[in-house]
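Heads up, the thing below is written out as structure tokens.
The values are calculated or read from the model by the stated rules, or taken from the named source; none is laboratory data. Being a predicted model, the structure only gives us computed values, none of them experimental. Don't worry about glycine lacking a Cβ; one is built from the backbone with ideal geometry, like all the others, and counts go over all protein chains shown.
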Amino acid sequence: MTRVGAAISRVVASAAAAGAVLALSAPRLAGQTPDALAEACVGQGGSAAACAASATAGQALQGHLGLLGGLGSEVSGTATTLGTRIEGGPRFALAARMGGVDMDLPDLARGSGSGSDGALAWAIHADLTLGLFDGFQLMPTVGGFLSIDAFGRAAFLFLPSSLGFDGNTSAYTAGVRVGVFREGFTIPGVSVSVSRRFVGAVDLGGADEATSVRVDPTVTSYRATVGKDLFAVEWLAGMGWEDYGGDVRVTVPDGLGGSVAATEEVTSSRRIYFASASMTFSIILNVALEAGWAEGFGPVAAYDGSFDPSSGTPFGSLSMRLIL
């Protein structure tokens with residue numbers, strides 16, 4: 001195959017990959033706010049306090065799980081796309097990451113959820129990134145414009161039983177990262193990405209609890225990162241936007257010795273901020289330490305407990321990435 005033919009094939013493959021992920025990321029029909037879920041719960045016969053606390057917990061839990069399944073940067077330790085090999089094949093990277101999220105929730109064990117409780121939730125990520133297209137050279141020292149990576153992730157989420165979780169879960173992510181600039185002597189690396197994440201269903205409180213919440217989250221995640229190597233350390237800063245959705249089911253006491261349940265699709269969104277420092281050893285091994293902050297959510301109108309849904313969530317991770 002000629003160089004021109006190979007280049008065309010790479011562009012077509014890259015466009016197909018980008019189109020597939022963008023199709024997955026297409027906006028869904030608008031869901032409901034947690035207030036609508038709380039109102040539906042009250043309409044079924046639940047108390048206003050318990051319904052509002054459960055809806056608040058459902059929204060917060062969607063965000064915690066979505067964040068734990070993705071963390072900050074989609075490709076750890078670098079804002080520059082991978083590009084392709086000299087002979088034209090895709091370059092790829094394998095990464096393992098361990099991260100944690102400070103998970104704070106209303107304390108549903110108190111019935112009305114007037115208190116709050118928190119604990120650290122952990123995750124282990126296994127990532128694969130493929131460099132599909134090198135992009136275009138804008139100037140002799142400025143390249144990588146519209147370069148493309150595809151990435152995927154399997155994440156295993158370990159949830160604290162002290163908060164009332166009924167088991168652990170997993171999350172799967174697929175996405176595309178597009179380069180703006182490849183890092184050089186004079187300019188930083190800059191890239192943007194979009195991904196779609198699917199998290200397994202999670203129960204907060206089990207069958208033995210009077211009040212419980214079940215969520216089945218999906219996340220559309222957007223990231224923008226900039227990075228530069230200074231004094232042998234790769235410094236990266238980024239921000240993102242996450243759209244959360246999926247069904248939330250709440251079960252609360254009905255005041256007559258039984259229980260009532262309500263289910264609604266709940267949607268919300270928030271900004272994410274993160275930064276990392278990394279070093280590369282023996283050319284192919286990158287080790288990165290990341291810390292970040294996720295904004296909170298708006299309050300549910302009828303909730304007056306001590307948990308503050310607008311408070312942010314800190315997170316962090318340590319990753320090792322092998323570049324091949």
> Can you tell me which of Val192, Val199 is at pLDDT 95 or above and under 20 Å from Ser276 (Cα atoms)?
Replying inline: Val192
>> Just checking, does region 209-223 include any residue being free of Cβ contacts under 8 Å to residues at least 60 places away in the same chain and hydrophobic (A, V, I, L, M, F, W, C)?
In response: no
> Arg153 fails exactly one of the following numbered conditions: (1) farther than 26 Å from Val192 by Cβ; (2) touching a His at 6+ places or on another chain (Cβ under 6 Å). What is the number of that condition?
Replying inline: (1)
>> For region 217-235, which positions are part of a loop (DSSP other than H, G, I, E, B) and farther than 25 Å from Arg153 by Cα?
In response: Phe231, Ala232
>> Looking at region 39-57 only, could you name the residues that are touching a strand residue (DSSP E or B) at 6+ places or on another chain (Cβ under 8 Å) and either surrounded by 20 or more Cβ atoms within 10 Å (Cβ to Cβ) or modelled with pLDDT under 50 (or both)?
In response: Cys41, Gly46, Ala50, Cys51, Ala53, Ser54, Ala55, Thr56, Ala57
>> For region 142-155, which positions are over 17 Å from Ala79 (Cβ atoms) and surrounded by fewer than 22 Cβ atoms within 10 Å (Cβ to Cβ)?
In response: Gly152, Ala154
> buried (at least 18 other Cβ atoms within 10 Å of the Cβ) and at pLDDT below 95: does that describe Val248?
Replying inline: no
> Restricting attention to region 195-217, does a residue exist that is among the charged types (D, E, K, R), in contact with a Leu (Cβ under 6 Å, 6 or more places away or on another chain) and surrounded by fewer than 22 Cβ atoms within 10 Å (Cβ to Cβ)?
Replying inline: yes
